[in-house]
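The next block holds one structure in the form of structure tokens; read it before the comments.
The values are calculated or read from the model by the stated rules, or taken from the named source; none is laboratory data. Being a predicted model, the structure only gives us computed values, none of them experimental. Every residue, glycine as well, gets a Cβ built from its backbone with ideal geometry; the counts of neighbours run over all protein chains shown. Calculation scope for accessible area: heavy atoms of the full protein, side chains included, ligands and nucleic acids excluded. Shrake-Rupley method; radii C 1.70, N 1.55, O 1.52, S 1.80 Å.
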Amino acid sequence: MGCWTTGFSFGHLRAQSRVSVFLTMLLLFTYVFYCLTGCCDLTPSPLYERQTFRNKLSSEELRGNASRQGSVDGAAEEEDTKHAPSDSSNLSMANSFGSKELPQAIIIGVKKGGTRALLEFLRVHPDVRAVGAEPHFFDRFYDKGLEWYRNLMPRTLEGQITMEKTPSYFVTREAPARVFAMSRHTKLIVVVRDPVTRAVSDYTQTLSKNPGLPSFQNLVFKNSTTGLIDTSWSAVRIGIYAKHLENWLRYFPLSRLLFVSGERLVTDPAGEMGRVQDFLGLKRVVTNKHFYFNQTKGFPCLKKPEGSSRPRCLGKSKGRAHPQIPSEVLLRLRDFYRPFNLKLYQMTGQNFGWE
């Protein structure tokens, strides 16, 4: 009888154990099922975890934009884009983070000076977020309003700078007052280049689109006999930097403008980028290690970014071979620019060495 009772007790315990195991497994299964469907994620992640995830997405977005918008292999926009830009290219899942801000810094000029190279170099910096296309807001689309302009900007996180570049702003009479009306604290960057070389480069770009264009010498002179320079031709007019600067200095102090040498941007990109990063209040992240010199194109390229299969160089439209122009034509143009160059040196305190 005692043995039977003992056997029954052990059997009863084993049965209870099986039931407990079964119930435990059932509860675990139910918990896992609800977690997989998202029902158990009722408690928000700690702030530092969400911020880390947010920063991770931002970094991934920056790398994505650098290879998509900043992919400069033939996709770089020409500096005289005629259509209103669209912000659709900025849409991505990661773009749900941050906010769209009006730019704190603008590359305002000059055309064919090296603005595209500067923008792409800056976009390597994790604290710079820039529009790929030229918005042309302050010269062509001002009537669309600041909210339209703001909506073109990429989203930024705290501590990041929003930027854009439109080289025609520097020579647009209305632009300084309009930028000032947006913010008197806007930082302005002007990439300048030897105005003679810049004019030839400008002509070369136009010639590539219009092969029937008259020769450079026919366009540069009002009268080839007298040698009077035609300042109404935009290729010449843009290079009178001192005159355009006077217009900007009516609204902004010189301390708000940084003049970048287009020549040094080629020969010493890291040095010029150091100056630009200091001006923008950024840590010097973009350094010599990011560049190599492309002998074929004749200017520096960004080294292969992490996760990419090839280096990033500016597109085919950059580095075109210039047409042969008679030396006497170039000498006359150089004489024309000399007093304006000297005045620019005095105004900025920088000698760009264009003599």
Looking at (1) open to solvent by less than 20 Å² (accessible area, probe 1.4 Å); (2) part of a loop (DSSP other than H, G, I, E, B); (3) acidic (Asp, Glu), can you tell me which one GLU164 breaks? (2)
Quick one: in segment 123-154, which of the residues that are of a type in the set (Phe, Trp, Tyr) and assigned to a helix (DSSP H, G or I) is least open to solvent (accessible area, probe 1.4 Å)? TYR149
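Per-residue answers, yes or no, for (1) in a helix (DSSP H, G or I); (2) surrounded by fewer than 22 Cβ atoms within 10 Å (Cβ to Cβ); (3) modelled with pLDDT under 95:
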site	(1), (2), (3)
ARG198	yes, no, no
TYR203	yes, no, no
LEU207	yes, yes, no
LYS222	no, yes, yes
THR225	no, yes, yes
THR231	no, yes, no
At pLDDT 95 or above, within 18 Å of the chain's Cα centre (by Cα) and surrounded by 15 or more Cβ atoms within 10 Å (Cβ to Cβ) - does that describe any residue in segment 310-320? no
Touching a Phe, Trp or Tyr at 6+ places or on another chain (Cβ under 8 Å) and in contact (Cβ under 8 Å) with a residue 40 or more places away in the chain, is that true of PHE299? yes
